[in-house]
Amino acid sequence: MSSGLKIAVLGAGNMGAALIGGILKTGVAQRERIWATVRSEERAAEVASRFSIRATAGCNPEAAREADLIVLAVKPATLPKVLKEIRDVLRDEQILLSLAAAVPIALIEKIAARRMPVFRAMPNIPVVVEEGATAVAANGCCSPEQRNLVLEIFRAVGVAVFVEEDLMHVVTALSGSGPAYVYMVIEALIAGGLKMGLSREISTRLAEQTVLGAAKQVRESMLHPAVLRDQVITPGGVTISAIHELEKHGLRSMLISAIETATHASVERTRALLAQFDGDGQD
């Protein structure tokens, strides 16, 4: 799409800032056409200096009024308040892109009080190092061109896919919370190295690179992880002994159960949010 696009990023925290970087990287918009809003003057100065864009403390309605694409990069509990701030300046042809994955599109439409293109995205924290995993859902107003625009932005900071909205809870449990699971695995690998005599520095470097390299091999080889696992195993060797121990303690079962539990927790969180803000689009 044209680099003449005007974009407002409401809430330029870690996720919002990462997305600004992706927008600039892809050339989706020029610096002078991006307006970021934050809570404090200090943060505004930091964002403006980092990206050479316009950044202000507050001014959400002013930023939204000028934009073609409005990125709602705020926490789920804050999103309804921000939407009510800007809804009087919204236009049907504008695009709303919400990063508050717990907030369903129907609630966004209700509070916005108009039928317009709405995207709901679940990016995970590695977007800050341009290795994020993002799933996106869209309402019926979104055109193919608008879908491609959103994908272009998120693919500048990692991998991006479209899913049906009812699968966003699973996405939250898998890739949204997933980095925390992986950090625990890395932490445990480091601790294992320490227990058996490696220095903390060496154990950390080896553990982080092992996880990074294994993930990259899954991506690039396009082989099932079980196939790659079997390539590491030799009969009667060290690896099969370790895998036997992991299987005894139920590693795979625990991770599957973790995603199942987190999915249910995400559903309940959304239900609580809907109950809390029931009727907010009408006041």
Filtered residues of region 214-233 (kept if farther than 19 Å from Gly132 by Cβ, of a type outside the set (D, E, K, R) and surrounded by 10 or more Cβ atoms within 10 Å (Cβ to Cβ)): Gln217, Ser221, Leu223, His224, Pro225, Val227, Leu228, Gln231, Val232, Ile233
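Going by what's in this entry, would Leu189 be described as within 26 Å of Ala133 (Cα to Cα), surrounded by 11 or more Cβ atoms within 10 Å (Cβ to Cβ), of a type in the set (A, V, I, L, M, F, W, C) and touching a helix residue (DSSP H, G or I) at 6+ places or on another chain (Cβ under 8 Å)?
So Leu189 passes the test.
Got a sec? Which helices (runs of 4 or more DSSP H) wholly within region 1-106 have at least 2 residues that are closer than 21 Å to Ala137 by Cβ and either in contact (Cβ under 8 Å) with a residue 24 or more places away in the chain or touching a strand residue (DSSP E or B) at 6+ places or on another chain (Cβ under 6 Å) (or both)?
Helices (runs of 4 or more DSSP H) meeting the threshold: 14-26, 79-86.
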Matching option when the condition is assigned to a helix (DSSP H, G or I), touching a strand residue (DSSP E or B) at 6+ places or on another chain (Cβ under 9 Å) and aliphatic (A, V, I, L, M), among Val171, Val218, Val182: Val171
Some residue of region 249-261 being of a type in the set (Asp, Glu), surrounded by 14 or more Cβ atoms within 10 Å (Cβ to Cβ) and modelled with pLDDT of 95 or more: no
Residue check for Ser98: under 22 Å from Val82 (Cα atoms) and of a type in the set (Ser, Thr, Tyr): yes
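The values are calculated or read from the model by the stated rules, or taken from the named source; none is laboratory data. Fair warning: this is a prediction, and the values are worked out from it, not measured in the lab. Reconstructed Cβ throughout: ideal geometry from the backbone, glycine too, with neighbour counts over all protein chains shown.
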